[in-house]
Amino acid sequence: MKKIIRHVILRLPTVFMLASILYACANIGNPNGGPYDEKPPKFVSSKPAVNQLNFKGKKVEILFDEFISVDNPGENVIVTPPQKANPIIQAIGKRINVELRDTLKDSTTYTIDFTSSISDNNEKNVLENFSFSFSTGDVLDTMQISGVLINAMDLEPVQKVIVGIHKDLSDTAFLKTPFLRTSKTDERGRFIIHNIAPGSYHLFALEDKNRNYAYDKNNNESLAFCDSLIIPSCERATVPDTIWKDTVTVDTIKMVEKTLFYPNDLMLWYFKDSVSPRQRMLRPDRPQDYIFTLKFNAPLDTFPKPAPLNFLPADSAWYVTQKGEDPESFAINYWILDSAIYNIDTLAIEVTYWKNNDTLPDVIELQTDTLTLVNKEAAQKKKKEAKAKKPPKKRRLTDSLSDSIPAAPPPVPLQVNISPSGSLNPYDDISIVFNEPVLDVRKEFFKMEIGRDTLWDTVDFDFEEDSLRAMTYLIKRPFKYNERYQLTIDSALIRGVYGHVNDSLSVTMTVKGEKEYGHLSVEALFLPVAADSLSVIPAFMELLDSRGSPVRKAIVTNGVALFQDMPPEKYWARLILDANGNGKWDAGDYASRLQPERVVYFMKQFEIRQNWKIEETWDLSKSRPGEKPADLLINKPKEETKKKRDYREESKSRRGSSSSTSFGGLGGLR
């Protein structure tokens, strides 16, 4: 027994040592200190040197203090003057290599603007607005201008769009010649154009779909232009420079001498020119076997008439036409009436329509195209069968008709949808929507009654086809609070193009009471006055929902916009300066040097409650141009700085999993 005890005591140091080793294994990879890298890469050196004169080479090497990456250099790195052949840009370790493939111009300052594309490999800290310059002559141009590009219609910052200048001050320079110098907007819509020579310039922004650095009005490109001449300047000034201890704590504020460049607050309003785009047909579609759709990029005066190529209709009326369901698109639906035709998997048709000439864009001529329309449902079914590598299922005489041929047209009876039903707002129109085109629908087919105590009295109403939505008709009447209505349609009065008729239908609805709504009155102070007169510019105001979509519009009359009968909700508001008084927002027109109509957002949110009246004053003189509530912004920039890590908390959280790590350590020792 004594020998056993002595043996155990002699082995204790070994046991303690082994336990220490295992504990160390359990904590491998759990550092509990050290600074978190929050600094972007730093420039170290370059070949050629920064701002070198008389450089004749085509390769540039830029060295940084850590391993770096360049995000999408083809899109984010801008070489100016613009290059016909895209440069080759590579990040290798701590170095960026740039190979210019164009012939360099003599006596010209070149800028490689990396915008915000450079970041370190590990933490992705971004080096903001880094640019590299050199000159092929004896002089390096050093002026710069900066500003922001804003979408004129909704005040969203416009990201990753070319901004450029022209020294040629003629109106045609923007249309015929590439930009002299360029930059690209960042996530906040901001831009900086570097290395500009002294002089006067015109400033533009351009969507540039064909990458020729010039505006092509027939290519439907968006643009922005500055009304006034841009004259770059600079001055030396003493300005405060903040040094941070970390991302939230200020260390010191020093006064340093810097060169300030002007103008630095330019604002460009981005829009799609009101000029009509070149007429052309877009990709046709056959979403159902009995419908095919022809889509165009601009409205047509007449519907094209398709001619069959691989089938012979029983008569000339083998289809009916109807405007597409989407009011924003220029689409035409063709409903095929003959089942022998719509059961064909692939239809070949010939369509003649008006189109702009490819070489003479201002000339419109007839174009004839041959189209192949594939039944999507049948094609997808065949694709699935081929993918499963199974032969098509053999049909039996007992199989249902719907299982043996493509889906039939809309079901029997004709479907009629009436909305709203149940509750009705005083400002509502009653919509009647069919699921297929109808041959004849008249006001006389509908009966509207108003409830008076226990009786129902017939009342008059206006009836019209909806100009925006297909297969939709509207019933209009001035409704009053708490009124009760009944709308009735007898059966078999309305017939669809496939012979289906409607069932009888009766809908009862009640207009909501006044106490269920709130009312808002907004007085707009200091509305702008037209430059060519002393009259106030016409304006209208829109209330917006939480997503920024308009829900109600009111004309500003005597400086006041009145919104009655608003459902209780939170709303935002914006004002449109309606220069031409047509009641809608209008884009600009470069040919007429006409800027888009201005939009101003109210930075305060309204909360409308039941049976409340709110009166609000909006001082437009205090609204900053281009400002939009942060809650409504769609193009929000990424976080500039990462949250500071708490290493102590990280260590604590890791200790909870140390036991599982220790098993790995034991396994390794074994």
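The values are calculated or read from the model by the stated rules, or taken from the named source; none is laboratory data. Every value quoted in this text rests on a predicted model; they were computed, and no experiment measured them. Positions of Cβ are generated from backbone atoms using ideal geometry, with glycine treated the same way; all protein chains shown enter the neighbour counts. Heads up: the accessible areas ignore ligands, DNA and RNA and are worked out on the full protein's heavy atoms, side chains in. Shrake-Rupley method; radii C 1.70, N 1.55, O 1.52, S 1.80 Å.
For F540, nonlocal amide neighbours, meaning residues 5 or more places apart or on other chains whose placed amide H falls under 5 Å from its own, are V556, I576, D578.
Amide H contacts of E483 (H built 1.01 Å from N, in plane; Pro and chain starts excluded): V511 sit under 5 Å, all sequence-distant by 5 or more or on other chains. Shown are K323, K636, whose ranking by accessible area with a 1.4 Å probe and every protein chain present, most to least, is K636, K323. Electrostatic bookkeeping for R452 treats Lys and Arg as +1 and Asp and Glu as -1; over the other residues with beta carbon under 10 Å from its beta carbon, the sum is -3. The value for the range 563-611 of Rg(Cα) / (2.2 N^0.38 Å) is 1.59. Extension gain, T472 to D565, is 30.9 nm, computed as 0.36 nm per intervening residue step minus the present C-alpha separation.
Residue by residue through the range 218-227, what is 3J(HN,Hα) from phi via Karplus (6.51 cos²θ - 1.76 cosθ + 1.60, θ = phi - 60°)? Round to whole Hz and write x for glycine and proline. Along the range 218-227, the couplings run 7, 9, 6, 8, 7, 7, 8, 9, 8, 5 Hz. If you sort T372, T321, T109, T488 by accessible surface, 1.4 Å probe, largest first, the order is T372, T321, T488, T109.
The ellipsoid that matches the Cα gyration tensor of the range 570-641 has semi-axes, each √(5λ) in whole angstrom, of 26, 21, 11, with the longest given first. Here's how it looks for G137: its modeled amide H is under 5 Å from those of N54, F55, S107, T108, which are all 5 or more places away or on a different chain.
Measuring between their Cα centroids, the range 575-596 and the range 477-507 lie 42 Å from each other.
The loop-placed trypsin sites (Lys or Arg not before Pro) in the range 200-246, going by DSSP, that have at most 15 neighbouring Cβ atoms within 10 Å of their Cβ come out as K209, R211, K245.
For the range 522-585, trypsin sites (Lys or Arg not before Pro) are listed when DSSP marks them as loop and at most 15 other Cβ atoms sit within 10 Å of their Cβ; the list is R547, K584. Going through the cross-link list K305/K381; K570/K636; K160/K636; K480/K512, which pairs have a Cα-Cα distance over 19 Å in this structure? K305/K381; K570/K636, as the Cα separations exceed 19 Å there. Once the C-beta distance of N210 and K447 is scaled by a Förster radius of 41 Å, the resulting FRET efficiency is 0.10 to the nearest 0.05. Restricted to Cα atoms, the range 47-105 shows a radius of gyration and a Dmax of 11.9, 33 angstrom. Where a ≥ b ≥ c are the square roots of the eigenvalues of the C-alpha gyration tensor, would you call the range 35-190 rounded, which needs a/c under 1.5, or, failing that, prolate if a/b is larger than b/c, or oblate? Verdict is oblate for the range 35-190.
Computed from Cα atoms alone, the Kirkwood hydrodynamic radius reported for the range 497-538 is 17.1 Å. Here the 3J(HN,Hα) profile of the range 486-496, calculated from phi with Karplus coefficients 6.51, -1.76 and 1.60 at θ = phi - 60°, is 9, 10, 10, 10, 6, 6, 6, 8, 10, 10, x Hz, Gly and Pro shown as x. Extents of the range 105-198, largest first, come to 41, 38, 19 Å (Cα atoms, principal axes, whole angstrom). With R₀ set to 35 Å, the beta-carbon distance separating L360 from E75 gives a calculated FRET efficiency near 0.60. Accessible area of S467 (1.4 Å probe, protein heavy atoms only, ligands and nucleic acids ignored): about 90 Å². In plain terms, the chain from A530 to E99 could stretch by 149.9 nm, reckoned as 0.36 nm per residue minus the Cα-Cα distance. For the residue pairs K42/K94; K84/K184; K59/K94; K295/K323; K94/K124; K105/K258, the C-alpha atoms sit more than 19 angstrom apart in K105/K258. Computed from backbone phi, the HN-Hα couplings of the range 118-126 come to 8, 8, 6, 5, 7, 9, 6, 6, 8 Hz, rounded to whole numbers (Karplus: 6.51 cos²θ - 1.76 cosθ + 1.60, θ = phi - 60°; Gly and Pro given as x). DSSP loop (so not H, G, I, E, B), at most 16 other Cβ within 10 Å: list which trypsin sites (Lys or Arg not before Pro) in the range 474-540 pass both filters. The qualifying sites are K480. With Cα atoms as the point set, the radius of gyration and Dmax of the range 461-553 evaluate to 21.4, 62 Å. The alpha-carbon of K387 sits under 17 angstrom from the alpha-carbons of these aspartates and glutamates, leaving out residues fewer than 8 places away in its chain: E377. The gain in end-to-end length when the T488 to T372 segment is fully stretched comes to 37.4 nm, 0.36 nm per residue minus the alpha carbon separation.
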